[in-house]
Every structure is written in structure tokens, then in C-alpha cells.
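Structure first, then comments.
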Amino acid sequence: MKIALLGPIAWRTPPRAYGPWEQIVSLLAEGMVERGIDVTLFATLDSETNAHLEGVVEHPYNEDPSLNGRIWEAIHVANCLRRSGEFDLVHNNLDWLPLAMSEFCRAPMLTTVHGFCSPTILPAYQRARSAYVSISDADRGPGLDYVATVYHGIDVAQFPFTPRPTDDLVAFGRIHPDKGTAEAIEIARRVGRTLLICGPVHDEQYYAEHVAPKIDGETVRYLGNVGPGDRARILGSAAALLHPIGFAEPFGLSVVEAMACGTPVIAYPKGSMPEVIDHGVTGFLAQDAEAAVSAVPAALSLDRAEVRRTALARFSADRMVDDYLRVYQRLLGGDEQRSSRRAARPVGRSLGGHPGPLRYGHAIPAPKSST
């Protein structure tokens, strides 16, 4: 099986700090290689991987103001599609742009929908030649051929168990109204605990008006956009993670990472949260700030070892890779089918000539471990 993993180029793969899509693509690439799959990763050229690395841009556009992200993403996608006839499958992890060009892909395309940034991008999904994987049942768009829901996985070795936390609470993620940073500050204030805030500022006005004035360095501390090592230490040492989101979150990696350390989570029941959090086992779903305040004592009394056991059983990278391999195999069939399909593709074909319509998915149920 020859797989092209088309990743984003906003950040390096794996990311140095923030970069959830890049993190998932990295875990997929490494896990597939460990299982003997021939993987080519299309990412920034400073990425680190055991797969074959292909790219057109030396480093992430978010780290270099001279790079126009829209331009370089288009060049990056075109490079992958130009090579697509060499692969059995192109696994797109780059949102809508490759879908707009899917007519030029000479191999079947699978797209992981990492979340819809806006309903306005749906036409690119609905018109494309691609099968789709959702990252939660809650995050399924209308009119798409989904073959499975595959929950994200994490490298559990990077998130060791912390049996005895500090008294601090933590809010972890981009600073934006969607993530409810200001509400987390209010919840922590009302329960009389210090709040640590980690993540990049994605809304400068919101940060300046609703977050920064409350950061005093003692009861509310902002630690910045922390890297992988600090991420595990901070999440693990917290008494609980506060996640009072203001939108239908597609998944929530920090939620799973916290639980892997044994840290319970208190979240609003929006988007994927009822799927990700086992209410009363790994955390609590609270309807509003008042309910979240009331849930803190119960969350702190949860068995942290059980929180970790549950998270590892459901959200390991190994489970995620296995689920994707099952999806690949269902889409592509056995070795003989893949070999004959690849042999039938004209060599050197121009990007404009797709051999015919591709549709997948209506008869393929999601793997049990993923739903």
C-alpha cells in the first residue's frame, strides 16, 4: 500500500508548539511507517518524519511573514496532485483547497474533515471527488459521503500519569471566544483557585478586553503558547482542565491530553464534548458557568488513575492508526486490486484527465472502536 499524506504547512510537522492538524498527521505518518506502509508525507521541508518527505516550502508560513499562506498552500497541493498517480490513496488533511482540485487527483482521495471553519466552504466538500472521515459524529456536514468517524489519538508516552496534582486549574487552547478563556477565568475565581492559561492569542481584541486585564501573575497566569514538554507537565499537574467552549468543537485534543495525564475535564456539552468526555468518569459536562463551578468539587474527587485508563483505551495513537488502516483497506481492497488499479493509470497523464467518477462510503460502517 502506497499512501500520500497531504498535510498542512501552517506549522511544521510535528509542530513545535501549537498545530493540532500537524500533530495528527505526524502521528499518522509515524504509525503507518511502523506498520510497514509506504508513506510519503507532503509537508514543510523542515518537518521531521520517518516517512518519505516531500515539500515545496522550507518552513511554515506562520513562522515567516514574507510567505503568503494562500499562495504556498496552492503550490503545495499542486505538487502532491502532480505526483498522485504514484500512490494508491491520497489522504488529504488540508481542508477545502485539495477538494477544489480533486478532479486532478489520479488516485482515490480520502479527506479527514478536521472541522469546518465556515459553512461557506461546504460547496468545495459537496462537489469534490473524495471520501470523508469525520473526527466526531457531531462534526458531520450535510451531503457528504462519510466512511467512518475516527477519533483523534495521541502519543500516550508524551503524557505521563500525574497522581498528585497541584491545586491549580488550567485552560488550554487558543485564546478566543470560542474557547471561553474569559469564562474559565471567572469559574476559577469563583472556586478560589489559581488558573493557568496556555495557548496562542487568536483574537487580539478579545484578549486585550476580556483576558489580559485579569492576568495578575498570581491568581491568573498566562504561560504563552507552550511546547510539547511543557504541555504534558502543565496539563498533568493541574487539578482539572476547564473547557467552557462557546462553539461546537469538532474534537478537542487538549481535553484528551489532559485526561491521559489523569486530569479530569469540566466542559460545556457542545460539539464533540459528549462523545469525548465520559460524564462522571473522566470529567463532567456542565451547561453553564454556574454548573461548572458546582462541578469542580466532584471533578476533583474522580479517580485520576481511572481517568487515564479510560482515555488511553479510547484515544491512543495506535488505535487511531489502526482505524485509518481499516478505512484505507475498505476503500482500496486487497493487493491485487491496488496493483491493477495503479497499473491502469496512464503514466505522465496531465492533471486534467481523471479516469472517471469516484464515490465511496454509503455501505461502509464506521469501525466500532471509533464511534
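Ordering 13, 111, 49 by the number of other Cβ atoms within 10 Å of each residue's own Cβ, fewest first, gives 49, 111, 13.
Going from the residue with the fewest nearby Cβ atoms within 10 Å to the one with the most, 104, 172 rank 104, 172. Within the same chain, aspartates and glutamates fewer than 8 places from residue 270 are excluded, and of the rest, those with a Cα less than 13 Å from its Cα are 137, 139, 178, 249, 288.
With N counted as the residues of the chain, its alpha-carbon radius of gyration over 2.2 N^0.38 Å works out to 1.01. Going from the fewest other Cβ atoms within 10 Å to the most, the residues 176, 243, 279, 152 appear in the order 279, 176, 152, 243. Between the helical axis of 20-34 and the longest alpha-carbon principal axis of the chain there is an angle of about 60 degrees.
Think of each Lys and Arg Cβ as +1 and each Asp and Glu Cβ as -1; about the Cα centre, that makes the dipole of segment 157-315 roughly 480 debye.
Between 0 and 90 degrees, the angle of helix 228-237 with respect to the longest Cα principal axis of the chain falls at about 40 degrees.
Can you give the FRET efficiency to the nearest 0.05 for residue 291 and residue 83, using r as the Cβ-Cβ distance and R₀ = 45 Å? That pair, residue 291 with residue 83, gives E of 0.30.
Viscosity 1.002 mPa s, temperature 20 °C: give me the Stokes-Einstein translational D for segment 157-315 in µm²/s, with Rh taken as the Kirkwood radius over C-alpha pairs.
Rounded, D is 142 µm²/s.
Shown here for segment 22-90: chymotrypsin sites (Phe, Trp or Tyr not before Pro) in loop regions (DSSP other than H, G, I, E, B) with at most 13 other Cβ atoms within 10 Å, of which there are none.
Over the chain, DSSP H runs of length four or greater, each weighted -39,500 (n - 2.57), average out per residue to a 222 nm ellipticity of -9500 deg cm²/dmol. Stretching residue 140 away from residue 212 to a fully extended chain increases their span by 22.4 nm, per 0.36 nm per residue minus the current alpha-carbon distance. Between the alpha-carbon centres of segment 160-188 and segment 265-304 there is a gap of 12 Å. Here's the picture: charge each Lys and Arg Cβ at +1 and each Asp and Glu Cβ at -1 in segment 157-315, and of 163, 311, 200 the one pushed furthest to the positive end of that dipole is 163.
Let's see if you can work this out: charge +1 on each Lys and Arg Cβ, -1 on each Asp and Glu Cβ, no other charges. What is the dipole magnitude of the chain about its Cα centre, in debye to the nearest 20?
In total the dipole reaches around 1000 debye.
Residues whose amide H lies under 5 Å from that of residue 284, counting only those 5 or more places away or on a different chain, are 265, 266, 267; hydrogens are built 1.01 Å from N in the peptide plane.
Based on the Stokes-Einstein relation at 37 °C and a viscosity of 0.692 mPa s, and on the Kirkwood radius from alpha carbon pairs, segment 76-117 is assigned a translational diffusion coefficient of 317 µm²/s.
Measuring r between the beta carbons of residue 121 and residue 167 and using R0 = 30 Å, the FRET efficiency lands at 0.10. Candidate cross-link partners of residue 2 among the aspartates and glutamates, defined by an alpha-carbon separation under 13 Å and a same-chain spacing of 8 or more, comprise 38, 86, 88, 335.
No value in this document is a laboratory result; all are computed from the given coordinates. Model, not experiment: these values are computed from the prediction. Methodologically, a virtual Cβ is constructed for each residue, glycine included, from the backbone with ideal geometry; neighbour enumeration extends over all protein chains shown.
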